[in-house]
Amino acid sequence: MVQSAIQTGRWRHVVRYLGLAYGLAAFVMALGIWAYWAVFLGNLPPRSIPWIEPSVSVGPALATFPALFIDFGLLLLFGLQHSLMARSGVKDWITRFVAPDLERSTYVLAANLTLILLLVFWQPIPFVLWDAGDGIAEDIVWSIFVLGWVVLILSLAAIDSAELLGLRQAWAWFQNRPHESLPLKTRWLYSQIRHPLYLGVIIVVWAAPFMTVGHLLFAVGFTTYIIIGTYFEERDLLRSGGESYRAYQRAVPAFVPTFWKRPPKSVT
């Protein structure tokens with residue numbers, strides 16, 4: 001393969017540095033986009049001129065049907081990229097062109113680009129479906145929104161975010177050593193629910209003090225993707241983890257936490 005020949009040639013050290021930079025760029029970009037996403041979803045600052053436009057509900061608006069068409073297409077592109085590039089056949093095809101340890105960074109980079117497209121070209125549809133007002137109800141909803149981001153951050157802390165976003169694999173490739181995948185973590189939040197990261201996403205897309213048609217479409221689109229994606233992810237985990245993962249699956253619910261069951265420490 002071309003990438004194997006490059007690794008063994010005189011440019012191998014330069015290529016390894018470039019590979020590490022590639023993985024680091026995808027990692028840093030992902031963190032930055034998630035910060036942008038928080039502002040986008042919160043229409044921040046609320047009830048004022050937002051820091052970015054468009055946000056999920058605020059910004060120049062097209063007519064309803066063209067906006068629906070564009071937004072649906074952006075959500076579909078996002079979902080297809082995440083789903084198709086997670087399939088083993090597509091991963092094998094990608095590794096014909098990049099080193100296997102850079103495949104995850106390639107996935108993350110593609111996910112970054114599709115999310116950028118989604119956020120930048122999103123078309124707000126500003127018909128308000130509900131409005132919590134300026135009182136205690138609004139404060140409660142904002143607290144739930146913040147809670148969702150706390151769940152997201154703690155979920156990343158409970159696992160290895162560098163592994164999830166491909167940086168650990170790129171570092172192993174840079175060091176010219178085999179990358180060993182970490183066992184599936186079942187500690188902390190993962191001892192109560194199997195998908196706390198997805199739960200955090202569901203919370204932040206739905207926790208809106210004022211909900212517009214555009215925001216509702218965004219929330220429904222992401223929730224649908226999570227439901228479908230979780231099905232295929234768990235199917236792959238059952239295939240790789242076997243009875244060990246099946247036992248974890250039986251002991252721990254997918255999204256609604258329980259506090260009286262203790263799963264095994266890890267699943268291989």
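Some observations on this one:
- Hits in segment 158-181 (condition: free of Cβ contacts under 8 Å to residues at least 60 places away in the same chain and part of a helix (DSSP H, G or I)): A158, S161, E163, L164, R168
- Candidates L184, L119, L129, filtered to the one that is surrounded by fewer than 16 Cβ atoms within 10 Å (Cβ to Cβ) and touching a residue at least 60 places away in the same chain (Cβ under 8 Å): L129
- Condition check for T106: of a type in the set (V, I, T), crowded, with 20+ Cβ neighbours inside 10 Å and in a helix (DSSP H, G or I): yes
- Any hit, segment 109-119, residues being modelled with pLDDT of 95 or more, under 22 Å from L80 (Cβ atoms) and β-branched (V, I, T): yes
- Per the listing I159, I203, the residue uniquely surrounded by fewer than 21 Cβ atoms within 10 Å (Cβ to Cβ) and modelled with pLDDT of 90 or more is I203.
- Residues within segment 167-192 that are charged (D, E, K, R), under 16 Å from R104 (Cα atoms) and under 19 Å from the mean Cα position of the chain (by Cα), tallied: 1
- For L154, the test of being part of a helix (DSSP H, G or I), under 30 Å from R187 (Cβ atoms) and in contact (Cβ under 8 Å) with a residue 12 or more places away in the chain is passed.
- Sub-7 Å Cβ pairs linking a first residue in segment 48-64 that is in contact (Cβ under 8 Å) with a residue 12 or more places away in the chain to a second residue that is of a type in the set (A, V, I, L, M) and assigned to a loop (DSSP other than H, G, I, E, B), at least 6 apart or interchain, are W51/L44; A61/I125; T64/I125, ordered by first then second residue.
- Output for segment 206-255, where each listed residue is touching an Asp or Glu at 6+ places or on another chain (Cβ under 6 Å) and not in a helix (DSSP H, G or I): P209, F210
- Subset of segment 22-45 (residues that are assigned to a loop (DSSP other than H, G, I, E, B) and surrounded by 15 or more Cβ atoms within 10 Å (Cβ to Cβ)): N43
- All of A137, A132, A63, A67 fail the test of being at pLDDT below 90, over 30 Å from F174 (Cβ atoms) and of a type outside the set (D, E), apart from A132.
- Any hit, segment 176-188, residues being among the aromatic types (F, W, Y) and on the phi < 0 side of the Ramachandran plot: no
- Hey, W142 at pLDDT below 90, part of a helix (DSSP H, G or I) and surrounded by 13 or more Cβ atoms within 10 Å (Cβ to Cβ) or not: no
- Inter-residue pairs, beta-carbon under 6 Å, first in contact (Cβ under 8 Å) with a residue 12 or more places away in the chain and under 22 Å from W122 (Cα atoms) and in segment 222-236, second of a type in the set (F, W, Y) and assigned to a helix (DSSP H, G or I), 6+ apart: I226/Y198
- Residue list for segment 52-98, filter: out of contact with any Gly (no Cβ under 8 Å at 6 or more places or on another chain), assigned to a loop (DSSP other than H, G, I, E, B) and among the charged types (D, E, K, R): R87, R96
- Hits in segment 40-78 (condition: closer than 30 Å to G133 by Cβ and under 16 Å from the mean Cα position of the chain (by Cα)): F40, L41, L75
The values are calculated or read from the model by the stated rules, or taken from the named source; none is laboratory data. This is a predicted model, so every value here is computed, not measured. Positions of Cβ are backbone-derived with ideal geometry, glycine not excepted, and every protein chain shown enters the neighbour counts.
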